[in-house]
Amino acid sequence: MTPGAQRTSKDLSERALGMVLLAPAALLLLVIVVYPVATLLWNSLHTVDPENAVAGETFAGLANFARAFDDERFWHSTWNTVLYIVVTVPGSLVVGLGLALLANNAFTVKWPVRLGLLLPWALPLVFAGLIFRWFFEYNTGVVNNWIAALGMEPLQWLSSPTLAFWAISIAIIWKASSFMALMLLAGLQTIPMSLYEAAEVDGASKWQQFVEITLPMLRPAIFVALIFRTITAVQTFDIPFAMTGGGPGDSTETLAMYIHKTTLDFLDFGYGSALATLMFVISMAATSGYLRYTRRGHLAQ
């Protein structure tokens, strides 16, 4: 066998081995990602009459999507979701960064601080929503008890659209900031201490060290945390559902909650699938925006 033929045979065997090793991961990806997304797209192009399910599905084309663009409740729930993203994503980043910096300090015993970060993240979302619903309850809630102790009138936190939005946002920030803190803490621990020691020798203050060393070195971890947090914010459901059920009226209803009501309460699977497809597109657009900005930053460096 000639050397060229041997090299070609070796390349083919290595390629075959690579395909065999990647096959389980590809199959898993096909089952848990590609198939559900394809099914969702298929359902979004069809419609089922809830009163005559025996008739089966009928092809509707893009009618479900056209219906969504004419649906005021879709736009209202989407706008609510955008507001939650705008408020809770930066809020959880700021709070999470502060907690990460605190947990990264040279404590003699670090595990209680880091356990305090882990517990809110491990708490089920619905349970967190129920806790904060009790916090903001009008008659017996902790928040109104504090307000009354200051000599002020208690507030209708969960009955006012504006106050309910801020109560839900506070609950989401509290829940999400622990996740952000854990990711940022991992990033902080990769920063060499020699950089801070050299900065101290040069007379840099703590704020200068934070701005010139911590933030630039932490940027990759921040972007990864923002990507995950933005995706979960687009899918916001559990905490608003547990605290207000979307009320008062539908003032705090998110897109995920509207999809849930459309699909399970109204049994409109075609329209619900179309709404879920649009939410998937929003998630992908947000993720692509982060990745594009990150790539631009690497190219600029």
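The values are calculated or read from the model by the stated rules, or taken from the named source; none is laboratory data. Small disclaimer: the values here were computed from a predicted structure and weren't measured. Cβ: placed from backbone, ideal geometry, glycine included. Neighbour counts: every protein chain shown. Please note that ligands, DNA and RNA were not included when accessible areas were found on the heavy atoms of the full protein model with its side chains. Shrake-Rupley method; radii C 1.70, N 1.55, O 1.52, S 1.80 Å.
To keep it simple, each residue is scored yes or no on (1) at pLDDT below 85; (2) of a type in the set (S, T, N, Q).
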{"site": "Ser77", "(1), (2)": "no, yes"}
{"site": "Leu93", "(1), (2)": "no, no"}
{"site": "Val109", "(1), (2)": "yes, no"}
{"site": "Phe132", "(1), (2)": "no, no"}
{"site": "Glu137", "(1), (2)": "no, no"}
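Scanning the stretch 54-87 for residues that are in contact (Cβ under 8 Å) with a residue 12 or more places away in the chain and open to solvent by 40 Å² or more (accessible area, probe 1.4 Å) turns up Glu57, Thr58, Phe59, Leu62, Ala63, Arg67, Arg73, His76, Leu83. Taken across the stretch 198-207, residues that are touching a Phe, Trp or Tyr at 6+ places or on another chain (Cβ under 9 Å), exposed (fewer than 12 other Cβ atoms within 10 Å of the Cβ) and in a loop (DSSP other than H, G, I, E, B) do not occur at all. Only a single item in (1) under 19 Å from Tyr84 (Cβ atoms); (2) under 20 Å from the mean Cα position of the chain (by Cα) is not met by Phe135, and it is number (2). Checking each residue of the stretch 156-168 against the condition of being touching a residue at least 12 places away in the same chain (Cβ under 8 Å), touching a Leu at 6+ places or on another chain (Cβ under 7 Å) and open to solvent by 60 Å² or more (accessible area, probe 1.4 Å) gives at least one match. The residues in the stretch 225-246 that are open to solvent by less than 10 Å² (accessible area, probe 1.4 Å) and in a loop (DSSP other than H, G, I, E, B) can be counted, and the count is 1. With respect to the conditions (1) surrounded by 16 or more Cβ atoms within 10 Å (Cβ to Cβ); (2) within 30 Å of His260 (Cα to Cα); (3) hydrophobic (A, V, I, L, M, F, W, C), Leu99 falls short on a single one, namely (2). Just so you know, in the stretch 247-289 the residues that are open to solvent by 30 Å² or more (accessible area, probe 1.4 Å) and acidic (Asp, Glu) include one that is modelled with the lowest pLDDT, and it is Asp265. Only residues that are part of a loop (DSSP other than H, G, I, E, B) and in contact with a helix residue (DSSP H, G or I) (Cβ under 9 Å, 6 or more places away or on another chain) were counted across the stretch 109-131, and they come to 3. Of the residues making up the stretch 132-155, those that are in a helix (DSSP H, G or I), among the hydrophobic types (A, V, I, L, M, F, W, C) and either more than 19 Å from Leu99 (Cβ to Cβ) or open to solvent by 50 Å² or more (accessible area, probe 1.4 Å) (or both) are Trp134, Phe135, Val142, Val143, Trp146, Ile147, Ala148, Ala149.
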